[in-house]
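A short write-up of the structure that comes next.
The values are calculated or read from the model by the stated rules, or taken from the named source; none is laboratory data. Since this is a predicted model, take the numbers as computed values, not measurements. With ideal geometry, Cβ positions are generated from the backbone for all residues, glycine too; neighbour counts draw on all protein chains shown. Calculation scope for accessible area: heavy atoms of the full protein, side chains included, ligands and nucleic acids excluded. Shrake-Rupley method; radii C 1.70, N 1.55, O 1.52, S 1.80 Å.
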Amino acid sequence: MSFQPPKGTADLMPPRSHAWRRALKLWDDWTERFGYPLVATPIFEATELFERGVGGTTEVVTKQMYTFTDKGGRSLTLRPEGTAGVVRAYLDSGATGAWKGAYSGPFFRYERPQKGRYRQFWQLGVEYLGVESAVADAEVIELGYRFLESAGAREMALHINSIGDAACRPAYVEQLRQYLEGHRDELSEDGRRLIETNPLRVLDSKVDRPKLADPPLVTDHLCEACREHYEQVKVLLDAVGIPYTEDPYLVRGLDYYTRTAFEFLGIGLDAAQNALGGGGRYDVLAETIGGPHTPAVGFALGLDRVVIAAGGEEAVGLDAYLVSERGPGEALAAASQLRQAGLRIDFDAEGRSVKAQFRTARRLEVPVILVLKEDGSVDAQTEGERQTLQVDEVPAWMEGRR
Ligand code: AMP
């Protein structure tokens, strides 16, 4: 009998995991630079949290949740997204005022699996709670952009929009609904259903949007406060040098968004996987799950897709491979010294021939091969360079090469 991972899931193994580990390190680095501490919430939550927080008419809630009843009779759901859980934790902690958090971990949606779309996938996200100012929107967007850029997803486009708030969106949505009614016959079955449940989502449908010549646009119907907020976001993004494209059709799949909505798109990726991530402002979410009014903004990125966009393969994360002419015990002692000095070192523990050890080193594509000689010295070999050193001189020599 043999087992495979369940449909829509995959094992993350080397060499694919090298790129993941590198991206996760960059994520920690960028979120720390922007002042977002780590938050980790449970992988399952009360089902009602998502029904209320994400929205009972969204596809995520109606079709994609992994919901189960536990032995105590509670209805629980594997988290399909991160924001509702983080906001719940913020409210639960009694925190008030400005608050930041960054998360990273697995999420679950019952989707039709394909490249870049899985039933268990990894998201990286941040939430900035308690701040109404457009400065928070711009900071969050800049963080996502800088991370993606450094992770190697250079071919990307940032799309932004404002989808209004409770003051201006209802009248717009009504106008859109009437417009869509007039085009009902042209829409897909899903599109027709959305006219009643969530007309905005028709604009974001790859099937239906091309059929609509001149739908009313939300940006033409923003109230003064929303228009002003949107203008500020753009001015601030210009000021920090983040390029963006305004996309009046951008809405977002989850109900909780207000005002700013944005998406990072990978250029040259298939449409099914080109959304590297997205987010926006969600000023009413805290209230819908029983908390006080809490303005907020955040985003989530799909790590699987970020790695695809960055080109995937990555060399193993080693500074050097230690080839030993003195056997594996001596290699362990030398490696110990180098590892304590901060170097990433691996070696062969099986006592294989020197030739076989070199083969391994080359396969790993390490930048440096350190040969531990019979006399205890080290022959440091790189492409085009060779240097004889004592073990304790190696860290400084490696540092000098950086
Ligand atoms: P969302 O929470 O739907 O806005 O998703 C944010 C990002 O998470 C998307 O842009 C994707 O990069 C990623 N993502 C969402 N669903 C999946 C999935 N089923 N498989 C892989 N990545 C996903």
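Details
- Given charges at beta-carbon only (K, R positive; D, E negative), |dipole| of the chain in Debye: 1100 debye
- Whole-number D in µm² s⁻¹ for the chain, Kirkwood Cα-pair radius fed into Stokes-Einstein, 25 °C, 0.890 mPa s: 102 µm²/s
- Environment charge at I160 (Cβ cut-off 10 Å; Lys +1, Arg +1, Asp -1, Glu -1): -3
- Its Cα gyration tensor gives the range 129-230 an equivalent ellipsoid; the semi-axes, largest first and in whole Å, are 30, 20, 10.
- Rg followed by Dmax, in Å, when the range 33-172 is reduced to its Cα trace: 16.8, 49
- Note that the range 1-87 shows a convex hull volume over its alpha carbon atoms of 155 Å³ per residue.
- Label-to-label distance, nm, for residues given as D375 and E149 (7 Å Cα→Cβ offset): 5.1 nm
- Candidate lysines - alpha carbon under 22 Å from K7, same-chain residues fewer than 8 apart omitted: K63, K115
- Full-stretch length increase - E246, K71 - with 0.36 nm per residue and alpha-carbon distance subtracted: 58.1 nm
- With the simple model of a label 7 Å out from the Cα in the direction of the Cβ, D220 to V207 spans 2.7 nm.
- Calculated diffusion of the range 38-103, Stokes-Einstein form, Kirkwood radius summed over Cα pairs, 10 °C and 1.306 mPa s, µm²/s: 125 µm²/s
- A 1.4 Å probe run over the range 320-401, with the rest of the protein chains in place, finds 56 Å² accessible per residue.
- With both labels modelled 7 Å from their Cα along Cα-to-Cβ, the Q387 to L38 distance reads 3.4 nm.
- Computed E for E365/E111 - FRET, C-beta separation, R0 35 angstrom, nearest 0.05: 0.50
- Note on the range 183-338: Rg/Rh from Cα positions, Kirkwood definition for Rh, rounded to two decimals, is 1.21.
- Extension gain, R177-D270: 0.36 nm per intervening residue step, less the Cα-Cα distance, totals 30.5 nm.
- Among Q357, L343, T388 the positive-end extreme of the charge dipole of the range 320-401 (Cβ point charges): Q357
- In a DSSP loop and with at most 12 other Cβ atoms within 10 Å, the GluC sites (Glu not before Pro) in the range 289-353 are E313, E350.
- Axis of helix 134-150 versus longest Cα principal axis of the chain: the two differ by about 40°, to the nearest ten degrees.
- Principal axis analysis of the Cα atoms in the range 320-401 yields extents of 31, 25, 21 Å, listed in decreasing size.
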